[in-house]
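Asks: Input: one structure, supplied below.
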Amino acid sequence: METIYGNLQGLKSSQLKQLQRLYHQRLPGDRITTPEFAQRVAAISTDINQPVCAYVNRRGQIIRVGVGTPRQTQIPPLELPRYGAERLSGIRCIATQLKPEPPNEAALTAMALQRLDTLVVLNIARSGFQKRGGGATGYVKETYLAHLVLNTNQEFKQSTDSGATWSVSSSLSLDILVNQDFLDLVEGLEAEFRREFVAQQADTDHDRVLLVGVMSDTTPQQFQDTLEELARLVNTAGGEVLQTVKQKRSRIHPQTVVGEGKVQEIALTAQTLGANLVVFDRDLSPAQVRNLETQIGLRVVDRTEVILDIFAQRAQSRAGKLQVELAQLEYMLPRLTGRGQAMSRLGGGIGTRGPGETKLETERRAISRRIARLQQEVDQLQAHRSRLRQQRQHHEVPSLAIVGYTNAGKSTLLNALTNAEVYTADQLFATLDPTTRRLVIPDAVTGEPQTIVLTDTVGFIHELPASLMDAFRATLEEVTEADALLHVVDLSHPAWQSQIRSVMSILSEMPVAPGPAMVALNKIDQVDSDTLALAQEEFPQAVFISADKRFGLETLRQRLAQLVRYATAAA
């Protein structure tokens with residue numbers, strides 16, 4: 001039986017049958033509609049006293065009939081044909097209205113979200129004639145034709161008078177509407193979209209990203225810093241940030257994080273800009289990801305997934321790749337639920353017949369086994385690192401771990417001090433694998449040359465995902481087992497104080513309390529005198545350096561000697 005969508009409450013069985021019969025109609029391929037079909041839909045709409053929407057494909061087949069407005073009856077994004085930004089969906093909507101007015105913004109937004117070929121609005125007037133069963137008949141008094149247009153500003157506009165997203169005709173008679181050349185209109189629109197799409201693709205082969213920020217329990221400055229950092233993370237991962245959508249909420253929506261209206265805005269903005277990925281500034285639950293992807297029709301990821309992607313790109317050593325894979329699988333496992341019908345089918349082949357288990361359960365078991373195996377290897381890695389540390393301690397070689405926020409200049413400093421050749425770049429998480437080098441410094445008392453071991457560790461970040469903390473515990477143990485820490489700070493970053501607090505917070509959560517730490521305020525060549533004065537006041541014991549320009553390194557060596565002597569004496 002043909003499904004009727006929307007609000008069916010109070011409808012008689014005879015009225016439902018009239019609606020179902022619409023599925024048996026066929027419209028000419030080159031016409032938007034016919035007078036007969038338009039009048040028939042108008043009569044049904046008048047009879048039930050509600051708007052009616054009929055969705056038609058380019059072969060003229062009625063593929064969906066709904067009771068309600070275009071917004072209330074729209075096709076879910078995941079059920080629409082996925083042609084891409086250069087094509088329309090190949091579906092048009094013929095909708096009735098009981099009030100004599102142009103299509104409102106909700107209807108036009110629904111058209112944009114579904115990327116409809118056209119939206120046809122039939123305004124109905126009641127005739128003075130009575131039907132046989134009572135009640136007035138209706139007829140089409142006037143029509144409106146709406147379609148998408150190119151957004152040349154690449155900027156989402158909410159007001160329909162901007163002309164940035166859609167075009168709406170003036171009032172048309174039904175005769176003029178039915179004589180429009182539908183194919184000519186659609187082919188012209190798609191030719192424009194295709195030209196724009198080719199121009200966009202010419203200079204990019206990466207994800208086109210729409211960021212979403214939700215401000216709930218933070219200050220405006222912290223919120224802005226978080227969004228700027230997220231944009232840098234996306235760029236580091238290889239994406240291009242097109243725009244940011246923001247919302248201030250006192251409470252996070254449990255199903256979709258943001259409100260229903262904002263979800264619609266996100267979907268329309270992504271559609272308008274040609275985005276193919278939506279990134280949220282916070283961790284999302286598996287249910288929230290599913291709900292958002294269903295309503296937006298695009299892939300949705302959270303901040304943790306972006307960081308995991310960067311880690312996957314950056315890991316070079318076997319140990320790094322091992323730990324990244326473990327973190328990714330632990331993140332993925334709870335998110336397997338509801339990944340489409342393919343996950344709920346029974347397996348096929350010998351040994352899978354009978355009650356069996358779903359493909360979802362099979363995959364979950366396989367991932368759980370893989371996690372257990374990786375966990376074993378991480379434990380072996382942990383034991384190996386522990387043996388290396390014991391050898392260093394046996395030879396009484398003091399160790400010092402360089403810690404700090406990502407992109408603070410830790411690897412640059414290691415290179416400057418030890419002539420190492422660690423990869424450096426102005427990127428977040430440019431280096432992931434820990435690097436250990438020997439450094440000769442003068443003894444703090446005797447002045448004799450003394451060898452210490454410097455280890456460059458993975459950079460920290462605000463709210464470092466728990467899965468990464470757990471997976472990288474073998475690497476992070478370099479921090480807890482070191483005799484002392486050198487905390488490198490990017491003084492040129494606007495949020496340097498917040499970054500210091502984030503690093504100190506992560507260090508305080510370590511299972512074993514790390515040794516004493518010294519702060520090195522880096523990139524002093526890029527800051528003004530006011531920032532320097534503030535930093536000297538807040539951190540009078542800090543060393544001021546520029547690892548890139550090699551300023552202050554001799555002072556740093558002397559202070560490191562004092563720090564190591566103090567740490568080893570305390571131990």
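The values are calculated or read from the model by the stated rules, or taken from the named source; none is laboratory data. Owing to the predicted nature of the structure, the values given are computational and were not obtained by experimental measurement. All Cβ positions, glycine included, derive from the backbone under ideal geometry; neighbour counts span all protein chains shown.
Asks: Tell me whether segment 498-510 contains one or more residues that are in contact with a helix residue (DSSP H, G or I) (Cβ under 7 Å, 6 or more places away or on another chain), closer than 20 Å to THR531 by Cβ, outside the structural domain of GLN224 (by TED's automatic domain parsing) and at pLDDT 75 or above.
Replies: Yes.
Asks: If you don't mind, there's one more thing I want to ask. For segment 1-120, give me every one of the strands (runs of 3 or more DSSP E) that falls completely inside it and has 2 or more residues that are among the hydrophobic types (A, V, I, L, M, F, W, C).
Replies: Filter on segment 1-120 gives 52-57, 62-67, 91-97.
Asks: How many residues, within segment 261-309, are in a helix (DSSP H, G or I) and free of Cβ contacts under 8 Å to residues at least 12 places away in the same chain?
Replies: Summing the residues that are in a helix (DSSP H, G or I) and free of Cβ contacts under 8 Å to residues at least 12 places away in the same chain in segment 261-309 gives 1.
Residues are listed down the side, and each one gets a yes or a no for (1) more than 13 Å from the chain's Cα centre (by Cα); (2) surrounded by 15 or more Cβ atoms within 10 Å (Cβ to Cβ); (3) not hydroxyl-bearing (Ser, Thr, Tyr):
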| position | (1), (2), (3) |
| --- | --- |
| THR218 | yes, no, no |
| GLN224 | yes, yes, yes |
| LEU227 | no, yes, yes |
| THR236 | yes, yes, no |
| GLY239 | no, yes, yes |
| LEU242 | no, yes, yes |
| GLN247 | yes, yes, yes |
| VAL257 | no, yes, yes |
| GLU260 | yes, no, yes |
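Asks: Looking for whichever is surrounded by fewer than 23 Cβ atoms within 10 Å (Cβ to Cβ), under 22 Å from GLU293 (Cβ atoms) and aromatic (Phe, Trp, Tyr) here; the options are TYR23, TYR5. Which one fits?
Replies: TYR5
Asks: Within segment 65-91, work out how many residues are modelled with pLDDT under 90 and among the polar types (S, T, N, Q).
Replies: Of the residues in segment 65-91, 1 are modelled with pLDDT under 90 and among the polar types (S, T, N, Q).
Asks: Among the numbered criteria (1) assigned to a helix (DSSP H, G or I); (2) under 22 Å from ASP283 (Cβ atoms); (3) small (Gly, Ala, Ser); (4) modelled with pLDDT under 80, which one does ALA312 miss?
Replies: Only one criterion is unmet by ALA312, namely (4).
Asks: Name, by its number, the condition in (1) in contact with an Asp or Glu (Cβ under 9 Å, 6 or more places away or on another chain); (2) crowded, with 22+ Cβ neighbours inside 10 Å; (3) small (Gly, Ala, Ser) that does not hold for GLY274.
Replies: (2)
Asks: Which ones in segment 505-526 are within 19 Å of THR455 (Cβ to Cβ) and in a helix (DSSP H, G or I)?
Replies: ILE506, LEU507
Asks: In segment 92-139, how many are within 16 Å of THR34 (Cα to Cα) and modelled with pLDDT of 90 or more?
Replies: 12
Asks: Cβ contacts < 7 Å: first residue touching a residue at least 12 places away in the same chain (Cβ under 8 Å), restricted to segment 45-70; second residue surrounded by fewer than 23 Cβ atoms within 10 Å (Cβ to Cβ) and of a type in the set (Lys, Arg), any location; separation 6+ or different chain. Result?
Replies: THR46/ARG126; TYR55/ARG64; GLY60/ARG26; GLN61/ARG26
Asks: With more than 26 Å from SER89 (Cα to Cα) and among the polar types (S, T, N, Q) as the only criterion, which of THR256, THR244, THR218 stands out?
Replies: Every option except THR218 fails the conditions.
Asks: Check segment 105-116 and report whether any residue there is outside the structural domain of LEU273 (by TED's automatic domain parsing), under 30 Å from LEU273 (Cβ atoms) and in contact with a His (Cβ under 9 Å, 6 or more places away or on another chain).
Replies: Within segment 105-116, one or more residues are outside the structural domain of LEU273 (by TED's automatic domain parsing), under 30 Å from LEU273 (Cβ atoms) and in contact with a His (Cβ under 9 Å, 6 or more places away or on another chain).
Asks: Does segment 278-286 include one or more residues that are surrounded by fewer than 18 Cβ atoms within 10 Å (Cβ to Cβ), among the acidic types (Asp, Glu) and touching a helix residue (DSSP H, G or I) at 6+ places or on another chain (Cβ under 6 Å)?
Replies: Yes.
Asks: I've got another one for you. Between GLN154, GLN158, which is assigned by TED's automatic domain parsing to the domain that holds GLN39, modelled with pLDDT under 75, farther than 19 Å from CYS93 by Cβ and touching a strand residue (DSSP E or B) at 6+ places or on another chain (Cβ under 9 Å)?
Replies: Of GLN154, GLN158, the one residue that is assigned by TED's automatic domain parsing to the domain that holds GLN39, modelled with pLDDT under 75, farther than 19 Å from CYS93 by Cβ and touching a strand residue (DSSP E or B) at 6+ places or on another chain (Cβ under 9 Å) is GLN154.
Asks: Ok, one more. Can you say whether VAL440 is surrounded by 17 or more Cβ atoms within 10 Å (Cβ to Cβ), on the phi < 0 side of the Ramachandran plot and modelled with pLDDT of 85 or more, as far as the supplied structure shows?
Replies: No, not satisfied.
Asks: Out of (1) of a type in the set (A, V, I, L, M); (2) under 17 Å from VAL306 (Cα atoms); (3) at pLDDT below 90, what's the single condition that is false for LEU242?
Replies: All conditions are met except number (3).
Asks: Can you confirm whether segment 45-54 contains a residue that is under 15 Å from GLY138 (Cβ atoms), of a type in the set (A, V, I, L, M, F, W, C), over 34 Å from the mean Cα position of the chain (by Cα) and buried (at least 23 other Cβ atoms within 10 Å of the Cβ)?
Replies: Within segment 45-54 (the criterion being under 15 Å from GLY138 (Cβ atoms), of a type in the set (A, V, I, L, M, F, W, C), over 34 Å from the mean Cα position of the chain (by Cα) and buried (at least 23 other Cβ atoms within 10 Å of the Cβ)), the answer is yes, since at least one residue qualifies.
Asks: Take the conditions within 23 Å of SER498 (Cα to Cα), assigned to a strand (DSSP E or B) and polar (S, T, N, Q) and apply them to THR236. Does it pass?
Replies: no
Asks: Hey, another quick one. Of the residues ALA430, ALA425, which single one is part of a loop (DSSP other than H, G, I, E, B), modelled with pLDDT under 85, assigned by TED's automatic domain parsing to the domain that holds LEU560 and surrounded by 19 or more Cβ atoms within 10 Å (Cβ to Cβ)?
Replies: ALA430
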